[in-house]
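This report concerns only the one structure given below.
The numbers here are math on the coordinates, done by the rules we state, and not lab data. A quick note: this is a predicted structure, and the numbers were derived from the prediction, not measured. Glycine also receives a Cβ, built like all others from the backbone with ideal geometry; neighbour counts cover every protein chain displayed.
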Amino acid sequence: MGVGAASSATRFQLCALLILISRTTILCQSISSSSPLWEEEVSCNTNNNKAALFVFGDSLYDPGNNNYISTTNTDFQANFRPYGQSFFTQPTGRSSDGRLIPDFICEYARLPIIPPYLKPGKHHFVYGANFASGGAGALDETFPGLVVNLNTQLNQFKNVANQLKQQLGDEEASDLLSQSVYMISIGGNDYLSATRGDSQQSYTQEQYRSMIIGNLTSVIKAIYKTGGRKFSFITLPPLGCWPSIKAQNAANKTYSGDFCNKDLAALVQEHSKEVSEKLQKLEKALEGFKYSVFDLQTTFNDRMMNPSKYGFKNGDSACCGSGPYRGVYSCGGMRGIRDYELCENASEYLFFDSNHPSEVAYQQLAKLMWEGNSSITGPYNLKSFFQLSYLS
């Protein structure tokens, strides 16, 4: 074969290789688009990002784990229309009209959308896992039997870590776990449960808060012991002015004011303050421990007070629900109340249902978590976490 022919062959092989790489990249990234492949994990041989995303928490992060809980109670499920209508075109179990914060973080980090851990089938944990469960709390006593509590989520993560060690070997698995990011959203349901009289029992507010933060701290330390080093947290949202809370107070004939629950608002604020203090102590005590805290409370409050500033037409009522502020949790008609109202354009609303933001709101929040400055997301943002993984 002549030099020219050999050169042509080499160029052809290189071209074919580039096309193959390009197609593989497109396939791996297609899950972040509106393609029907959204619900399937892409089977790529390696995770070139060197970092995975492990997600723990409640409905703000749950991609549909509650679909697979054996219960006839649908209070904490969202696997029916109109949930999912804006992006997936069908319900997925996410408590919104579309994607949640972890879905957008996956997109920014160039990871495939991570499906529910409990979803049957083969999972590729080199990209991470999502254990979050709508309604879950830091305490086992919060809505037992209806949700996957935080301690159970921790045990699921430990199982995944063991599987990764078997799949990759101890050294590579340990490297992946140490480079990965661990997102946690928990605590709100513990306080909401207490306002319903479902928990707290004879504890003082201080004792109850100490129990919640104590259990969260134990879970953080257990993840750290398993290899986790980079943690992402959010402050609790302004639950006291949630549409569901305001609807309850508006229905109370003796209630006056703006219908926000001031006591709940104070509990939320004190919780977030103490968690922040605890994280600072952990940073000093645990070598290599790094954390990011996103000020969800301030960010969301601003959008509730000034919706038009952020592109919303409504910042205090839900797109889907019934009653005052559409705050009755009836969206979809599958939670005991059949009738509900649905707005024409969910993107114009800060809230999709009486307890959860819309996809547009989630996207705004995710962007701030990803690249926000230290005044809103600190001491690290999530982009810096993944950049540290790329450089190591």
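Coupling constants for segment 82-90 follow from the phi torsions by the Karplus curve (6.51 cos²θ - 1.76 cosθ + 1.60, θ = phi - 60°), and in residue order they are x, 4, x, 5, 7, 10, 7, 6, 8 Hz; glycine and proline get x. Highest mean packing first, where packing is the average number of other Cβ atoms within 10 Å per residue, the peptides 238-244, 271-277, 203-209 line up as 238-244, 271-277, 203-209.
For residue 261, nonlocal amide neighbours, meaning residues 5 or more places apart or on other chains whose placed amide H falls under 5 Å from its own, are 241.
Working ranking of peptides 167-179, 351-363, 294-306 by packing, defined as the average number of other Cβ atoms within 10 Å per residue, highest first, is 351-363, 294-306, 167-179.
Under 18 Å of direct C-alpha separation, and excluding same-chain neighbours fewer than eight residues apart, residue 119 reaches these aspartates and glutamates: 39, 40, 41, 58, 62, 103. Excluding same-chain neighbours fewer than eight residues apart, the lysines reachable from residue 290 by a Cα-Cα span under 24 Å are 50, 158, 165, 221, 225, 230, 273, 278, 281, 367, 383. Taking amide H positions as modeled 1.01 Å from N, with prolines and chain starts lacking one, the residues under 5 Å from residue 293 and 5 or more places away or on another chain are 233, 378, 380. Taking θ as phi - 60° and the Karplus parameters 6.51, -1.76 and 1.60, the scalar couplings of segment 361-375 work out to 4, 4, 5, 4, 5, 4, 5, 5, 5, 6, 9, x, 7, 5, 6 Hz in sequence order, x denoting glycine and proline. Reducing segment 316-382 and segment 157-231 to their Cα centroids gives an inter-centroid distance of 25 Å. Taking packing as the residue-averaged number of other Cβ atoms within 10 angstrom, the listed peptides 309-318, 103-112 run from highest to lowest as 103-112, 309-318. In order along segment 269-285, the phi-based Karplus estimate (6.51 cos²θ - 1.76 cosθ + 1.60, θ = phi - 60°) of 3J(HN,Hα) comes to 5, 5, 4, 4, 5, 5, 5, 4, 5, 5, 5, 5, 5, 5, 4, 7, 8 Hz; Gly and Pro are listed as x.
On a per residue basis, the convex hull of the C-alpha atoms belonging to segment 226-331 measures out at 137 Å³. Dividing the mean sequence gap of close Cα pairs (under 8 Å, 6+ apart) by how many residues segment 128-287 holds gives a relative contact order of 22 percent.
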